[in-house]
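What follows is a short report on a single structure.
The values are calculated or read from the model by the stated rules, or taken from the named source; none is laboratory data. These figures come from a predicted structure and were not determined experimentally. Here Cβ is always computed from backbone atoms with ideal geometry, including for glycine, and neighbour counts include all displayed protein chains. Ligands, DNA and RNA are excluded from the accessible area calculation, which covers all protein heavy atoms including side chains. Shrake-Rupley method; radii C 1.70, N 1.55, O 1.52, S 1.80 Å.
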Amino acid sequence: MEYSEKVMDHFMNPRNVGEISDASGVGTVGNAKCGDIMKVYLKIENNIIEDAKFKTFGCGAAVATSSMATELVKGKTVQEALQVTNKAVMEALDGLPPVKVHCSCLAEEALHAALWDYAEKNGIVIEGLKKPVNDIEALHHHEEE
Ligand code: FES
């Protein structure tokens with residue numbers, strides 16, 4: 001399996017690892033097939049993503065894509081952050097092997113879940129943002145209901 005230099009770099013030296021204690025939005029998603037879990041924290045002020053951090057319990061590609069995704073959204077508006085799709089993340093990393101594409105989807109979903117959480121907490125609607133399907137905490141809520 002071939003990984004680009006950028007993927008290796010972001011895997012070996014991931015950016016933005018950690019938590020934001022006063023995050024504006026937090027999203028936790030999981031992939032049921034591989035069992036990998038990703039958590040994204042966003043600090044949003046005046047509609048701008050001031051900071052982004054992540055924790056990923058997963059494969060190397062999941063680490064690299066969450067690292068790149070958090071890098072890409074920093075400094076962007078909420079609307080611009082929606083353009084940070086899994087495709088955009090993969091492009092920024094110079095590609096991923098086909099079997100690893102789902103890892104980049106996890107990064108996009110975690111980002112969306114964090115934005116969703118932010119929107120819910122603030123009673124706002126982010127146009128174009130859909131409720132995240134793999135949000136682990138949301139799934140738990142369903143089970144409790
Ligand atoms: Fe599942 Fe990479 S193998 S996120």
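Table for the structure above
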{"item": "Ratio Rg/Rh [Cα only; Rh per Kirkwood] for the chain", "result": "0.95"}
{"item": "Accessible surface of His102 - all protein chains present, 1.4 Å probe, nearest 10 Å²", "result": "70"}
{"item": "Entries of Lys6/Lys130; Lys6/Lys87; Lys6/Lys53; Lys39/Lys121 with Cα pairs more than 23 Å apart", "result": "Lys6/Lys130"}
{"item": "The chain: angle of helix 101-122 to the longest principal axis, Cα-based, in degrees nearest 10", "result": "20"}
{"item": "Extension gain from Lys76 to Lys6, taking 0.36 nm per residue of separation minus the Cα-Cα distance", "result": "23.0 nm"}
{"item": "Length gained when the stretch Asn46-Gln83 is fully extended (0.36 nm per residue, less Cα-Cα span)", "result": "11.5 nm"}
{"item": "Per-pair calculated FRET efficiency, R0 = 22 Å: Val17 and Val99 via Cβ, rounded to 0.05", "result": "0.35"}
{"item": "Rounded to the nearest 10 Å², the accessible area of Lys39 at probe 1.4 Å", "result": "60"}
{"item": "Where Ser4, Ser67 fall by accessible area, highest first, once all protein chains stay in place (1.4 Å)", "result": "Ser4, Ser67"}
{"item": "Exposure ranking of Cys103, Cys34 by accessible area [1.4 Å probe, largest first]", "result": "Cys34, Cys103"}
{"item": "Pairwise label distance in nanometres, Lys33 with Lys131, each label 7 Å out on the Cα-Cβ vector", "result": "2.4"}
{"item": "Solvent exposure of the chain as accessible area per residue, Å², 1.4 Å probe", "result": "54"}
{"item": "Between 0 and 90°, nearest 10: helix 60-73 axis offset from the chain longest Cα axis", "result": "50"}
{"item": "J(HN,Hα) series, segment 35-41, from Karplus relation 6.51 cos²θ - 1.76 cosθ + 1.60, nearest Hz, glycine and proline x", "result": "x, 7, 10, 9, 10, 10, 10"}
